[in-house]
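Have a look at the structure below before the remarks.
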Amino acid sequence: MQARGFLLIVGLAAVYAWALPGRAIGAAASVLRIQNESLTVEFDTQAMSFSATSRDSGQTFVGRGLLANPDGQARRLMVDHPTWGTGQAIQIDHKSGDIDRLTLLPNLPFVVLDGALARESDTVVTSIPRLAMTLDLKKAATELRALGTGGLTGVARQSNPGSYSFLAVADPASRAGVVAGWVTHERGSGLLFSDVKEGDVVVDARLDYGRFVLKAGRKVESETLLIGWFADARLGLEAYADAVAQQYHIKLPPQPTVYCTWYHSGASNERELVASAEFARKHFMPFGFSVIQIDDGWQAGVKGNGPRRDFTTHRPDGPYRSGMAQTAAKISELGLTPGIWFMPFAGTADDPAFADKQDLFATKDGKPFEVHWGGTCFDVTNPRTQEYVQSTTGRIARDWGYRYLKLDGLWTGMAVDILYVNTGFKDDRLGETTLRDPEKTHVETYRDGLELVRKAAGNGVFLLGCNVAQNMRTLGASFGLLDAMRIGPDNGRKWADICRGPFSGSNLYFLHGRVWYNDPDPVYVTGSVPIEHARALVSWVALTGQLNASSEDYKSLSAERIHLLQRSMPAHDLKPRPVDLFEERIARIWLLTDDRKEPRRDVVGLFNWDEKQSVRISRSTEQIGLPRAERYVGFDYWADRFVEPFSGVLDSELPPASCRILSIRPVVGHPQVVGTSRHIAQGIRDLLEEKWDAATRTLSGVSRVVANDPYELRIAAMGRTNPWKATALTASADSVRLITQDDWRIRVRIDSPTDGEIRWAIVFDGEE
């Protein structure tokens, strides 16, 4: 991943070169118009308002857009955007010196709103309303839904408290809707609010700066907001996340599979941790496991108001008496990645370890600023604090050897209140604390802190943020600076707690794999968790591809529970999509598609999040997103049985707190693999190649297998009139092979003594 680096500094110069003489287009007019392949924007210079229309549908989705500043001169310009190329803009130059700019750029299906702030005298900027839009979705407001960080709500303000960073307003029946999202959060925190006024849906966009000292005569780039209409608002949310990734040049590292000590043993200890690592190396590493992470309890410091916070050293009487470096070395020797938890931006003012470091802290009313659980917040604008953060992080990552860092209490780097657990907007009094550098906003300070951590940790260290629910302002402010983010609060083994991850993972699904890896907190498979509950959570994490972590005493697990974890590893590196995102509080239907090669593979996950009631899920194959076909066939992973041929509608009854994972293929006239046993994704991870040769009547393929893990191909062998009959099987390597056939249903088992790729071929009797 690449952070912002110098991009936005260069971008500032490039942005304000847009208004160079000679680049204006068109004569003065009462209505200025710009367009790209997706949208048309018209600006009424008399009313100082704009409208936005989708060119594909003809839908004018913003009927009236009002900028916060009603005065100014508008003109059309050609622009050269540092991220999205050359396009057209309408720029409004205000008397105050502020600039507003509406831009359309090639291959970007959004209106871009950005600009600049300027004042004639030194001014403290706290919060700026940027835009008020009246939307027109050809539906009554009561029929629409808003999706933001607070989840799925109505559009009226009484049900939607406001959202950080993004907001979608959509029609659940068609999925059509408007998506708005703040791409950048360099100095300000972007918010979006929906409401109903005189029957119309309105969306207000706002930037909170807290306390931004804008010097006289200085022009400062505003944050960037995107606004677009989509026939499927899910695609709009995904396009928004793609735009964030483009803005920050995000390149995600490989996704890890993680063991965390916290939920069963706190920080564990140096003996038990190595034992857990040895178990994981034998039982999980061949399946894709990679990280052993120590959680809270290893560090020194006094106890009180949350964790100890002296992360410069370990507790001499604690669980790692031999030191943290020795434990990291032992984990590395096993071929696994050592990981560790710490709080990079928090200390404890009354801890003797900080007695000579009182200047490290942000202050309020002249005293170090302390927050619940997080302790005393660092002031990262202070050079001495920067040196402390860099030194602590460098010691943990470079000197001790930890290559996976779980960064907790992130909001303390912004020196604001904790809002845990809160997802919709809530006032945190941003900017009320005092920083050493008064020209730095609290959001800017937080981003500077994360950049310090990354630089100090060094290349190749994986950074996991924890967590946005502590204060949702860290959501957008973390864009481009983390590899993964805990997207919700702590979960647990009770069903209501298990559902916390899927709730957050549904609302923020579009960020996963684009901006960072979503971390919904660990899965639980211990014997105290009912097997159906464990299967549902593990299946949801595996199918959605989100960060897969577990926190169990591995050595005490039954073979069935070990098997369950093995089937979820590793992540599939694809971007699945919730089907009923705008209909359910937690999406119940997910589609995972792999169309990177032929044949295309689809896996449908059905989930019942109700702990007491059964639910019937019935949805057309078109609504789900399956390829068009007259009939479909498949395999039910946990039921271990074939899905009988069906047409048009996928219909299923699910018991309380349960799931079904179905691999679905269109029915064809020759044998085809409809699923495998290796992974919950049923072939997407392990089936590297599949080919039917009509001339030789041979189905062949290449599978990635794990040594001594029985591997099964599930094959539907339907012919035009009669089933095909498997007559011979060949497979590479020293493997045991077995075929069983029941009418058109065929199971082929291959047992290999070694890890690696197995090339197999099955000859059939029959006729297409």
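The values are calculated or read from the model by the stated rules, or taken from the named source; none is laboratory data. This one's a predicted model, so the numbers in the text were calculated from it and none came from an experiment. Neighbour counts run over all protein chains shown; Cβ positions are idealised from the backbone, glycine included. Side chains included, ligands, DNA and RNA excluded: accessible areas come from the protein's heavy atoms. Shrake-Rupley method; radii C 1.70, N 1.55, O 1.52, S 1.80 Å.
Considering region 621-647, and only residues there that are open to solvent by less than 40 Å² (accessible area, probe 1.4 Å) and touching a Ser or Thr at 6+ places or on another chain (Cβ under 6 Å), the residue that is farthest from Arg535 (Cα to Cα) turns out to be Gly634.
Restricting region 136-152 to residues that are under 26 Å from the mean Cα position of the chain (by Cα) and in contact (Cβ under 8 Å) with a residue 60 or more places away in the chain, which is surrounded by the most Cβ atoms within 10 Å (Cβ to Cβ)? Taking the candidates together, the pick is Gly148.
Considering only residues that are of a type in the set (Gly, Ala, Ser) and either open to solvent by less than 40 Å² (accessible area, probe 1.4 Å) or free of Cβ contacts under 8 Å to residues at least 40 places away in the same chain (or both), which ones fall in region 217-262? Outline the logic, then answer.
Step one: list which residues in region 217-262 are of a type in the set (Gly, Ala, Ser), which gives 217, 222, 228, 231, 233, 236, 239, 241, 243, 245.
Passing the criteria: Ser222, Gly228, Ala233, Gly236, Ala239, Ala241, Ala243, Ala245.
Hey, among the residues in region 215-228 that are hydrophobic (A, V, I, L, M, F, W, C) and in contact with a Leu (Cβ under 6 Å, 6 or more places away or on another chain), which one's modelled with the lowest pLDDT? Can you show your working first?
First, the residues of region 215-228 that are hydrophobic (A, V, I, L, M, F, W, C): 216, 220, 225-227.
Checking which are in contact with a Leu (Cβ under 6 Å, 6 or more places away or on another chain) leaves us with 220, 225.
Details: Val220: 94, Leu225: 98.
Among residues in region 215-228 that are hydrophobic (A, V, I, L, M, F, W, C) and in contact with a Leu (Cβ under 6 Å, 6 or more places away or on another chain), the one modelled with the lowest pLDDT is Val220.
Looking only at residues in region 685-704 that are open to solvent by less than 10 Å² (accessible area, probe 1.4 Å) and under 29 Å from the mean Cα position of the chain (by Cα), the one that is farthest from Val538 (Cα to Cα) is Leu687. Looking only at region 162-174, residues that are surrounded by fewer than 24 Cβ atoms within 10 Å (Cβ to Cβ) and touching a strand residue (DSSP E or B) at 6+ places or on another chain (Cβ under 8 Å) come to 3 in all.
Considering each of Lys555, Lys612, Lys575 in turn, give the residue that is in contact (Cβ under 8 Å) with a residue 60 or more places away in the chain, in a loop (DSSP other than H, G, I, E, B) and open to solvent by 10 Å² or more (accessible area, probe 1.4 Å). First the steps, then the outcome.
Details: Lys555 fails: in a loop (DSSP other than H, G, I, E, B); Lys612 fails: in contact (Cβ under 8 Å) with a residue 60 or more places away in the chain.
Checking each option against the conditions leaves just Lys575.
If you check Arg206, Arg211, Arg218 for being under 21 Å from Gly424 (Cα atoms) and among the basic types (Lys, Arg), only one passes: Arg206. For beta carbons closer than 7 Å, sequence separation of 6+ or different chains, a first residue in region 320-331 that is more than 12 Å from Ile292 (Cα to Cα) and open to solvent by less than 40 Å² (accessible area, probe 1.4 Å) and a second that is aliphatic (A, V, I, L, M) and assigned to a helix (DSSP H, G or I), there are no qualifying pairs.
All conditions but one from (1) over 12 Å from the mean Cα position of the chain (by Cα); (2) more than 22 Å from Gly210 (Cα to Cα); (3) open to solvent by less than 10 Å² (accessible area, probe 1.4 Å); (4) not β-branched (Val, Ile, Thr) apply to Met485; the one that does not is (1). Annotation note: Cβ proximity below 9 Å between a residue of region 708-732 that is over 18 Å from Tyr632 (Cβ atoms) and open to solvent by 30 Å² or more (accessible area, probe 1.4 Å) and a residue that is of a type in the set (Asp, Glu) and in a loop (DSSP other than H, G, I, E, B) (sequence gap 6+ or interchain) occurs for Thr721/Glu767; Asn722/Glu767.
Output yes when any residue across region 361-378 is free of Cβ contacts under 8 Å to residues at least 60 places away in the same chain and not in a strand (DSSP E or B), and no when none is. Scanning region 361-378, I find at least one residue that is free of Cβ contacts under 8 Å to residues at least 60 places away in the same chain and not in a strand (DSSP E or B), so the answer is yes.
Note on region 282-297: among residues that are within 28 Å of the chain's Cα centre (by Cα) and among the charged types (D, E, K, R), the one that is surrounded by the most Cβ atoms within 10 Å (Cβ to Cβ) is Asp295. Can you tell me how many residues in region 48-58 are open to solvent by 30 Å² or more (accessible area, probe 1.4 Å), among the small types (Gly, Ala, Ser) and in contact (Cβ under 8 Å) with a residue 12 or more places away in the chain? Summing the residues that are open to solvent by 30 Å² or more (accessible area, probe 1.4 Å), among the small types (Gly, Ala, Ser) and in contact (Cβ under 8 Å) with a residue 12 or more places away in the chain in region 48-58 gives 1. Of the set (1) surrounded by 19 or more Cβ atoms within 10 Å (Cβ to Cβ); (2) under 23 Å from Ser268 (Cα atoms), all apply to Thr385 but (2).
Residues of region 238-272 that are under 25 Å from Gly476 (Cβ atoms) and among the acidic types (Asp, Glu): Glu238, Asp242.
So that you can scan it fast, the table gives a plain yes or no per residue for (1) within 23 Å of Asp751 (Cβ to Cβ); (2) among the aromatic types (Phe, Trp, Tyr):
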site: Phe642; (1), (2): yes, yes
site: Leu654; (1), (2): no, no
site: Arg665; (1), (2): no, no
site: Gly675; (1), (2): yes, no
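Contact annotation: no residue pair with Cβ atoms under 6 Å, 6 or more positions apart or on different chains, pairs a residue in region 457-485 that is modelled with pLDDT under 95 with a partner that is part of a loop (DSSP other than H, G, I, E, B) and of a type in the set (Gly, Ala, Ser). Do you know which residues across region 197-207 are open to solvent by less than 50 Å² (accessible area, probe 1.4 Å) and in contact with a helix residue (DSSP H, G or I) (Cβ under 8 Å, 6 or more places away or on another chain)? Across region 197-207, the qualifying residue is only Val201. Going by the conditions given, is Arg601 out of contact with any His (no Cβ under 8 Å at 6 or more places or on another chain) and either modelled with pLDDT of 95 or more or over 23 Å from Glu712 (Cβ atoms) (or both)? When the stated conditions are applied, Arg601 passes them. Among the residues of region 175-196, those that are open to solvent by 10 Å² or more (accessible area, probe 1.4 Å) and farther than 13 Å from Asp114 by Cβ comprise Arg175, Ala176, Phe193, Asp195, Val196.
For region 74-105, a tally of residues being open to solvent by less than 50 Å² (accessible area, probe 1.4 Å) and assigned to a loop (DSSP other than H, G, I, E, B) returns 7.
Report, by residue number, each residue of region 727-747 that is part of a strand (DSSP E or B) and closer than 20 Å to Val643 by Cβ. Before the answer, list the steps.
Going residue by residue through region 727-747, those that are part of a strand (DSSP E or B) are 727-731, 736-742, 745-747.
Passing the criteria: Thr740, Gln741, Asp742, Arg745, Ile746, Arg747.
Quick one: would you say Asn491 is touching an Asp or Glu at 6+ places or on another chain (Cβ under 7 Å) and buried (at least 19 other Cβ atoms within 10 Å of the Cβ)? Working first, answer last.
Numbers: touching an Asp or Glu at 6+ places or on another chain (Cβ under 7 Å): yes; buried (at least 19 other Cβ atoms within 10 Å of the Cβ): yes.
So Asn491 passes the test.
Checking each residue in region 59-73 for being surrounded by fewer than 20 Cβ atoms within 10 Å (Cβ to Cβ) and either part of a strand (DSSP E or B) or at pLDDT 95 or above (or both) picks out Thr60, Gly63, Arg64, Leu66, Gln73.
Which ones in region 390-422 are modelled with pLDDT of 95 or more and assigned to a loop (DSSP other than H, G, I, E, B)?
So the first thing to find is which residues in region 390-422 are modelled with pLDDT of 95 or more, and the list is 390-420.
Across region 390-422, the qualifying residues are Trp400, Gly401, Tyr402, Arg403, Gly409, Ala415, Val416, Asp417, Ile418, Leu419, Tyr420.
Among residues of region 494-536 being closer than 19 Å to Leu581 by Cβ and among the aromatic types (Phe, Trp, Tyr), the one that is surrounded by the fewest Cβ atoms within 10 Å (Cβ to Cβ) is Phe503. For Arg714, all conditions in the list (1) more than 30 Å from Thr544 (Cβ to Cβ); (2) assigned to a strand (DSSP E or B) hold save one; what is the number of the exception? Exception for Arg714: condition (1).
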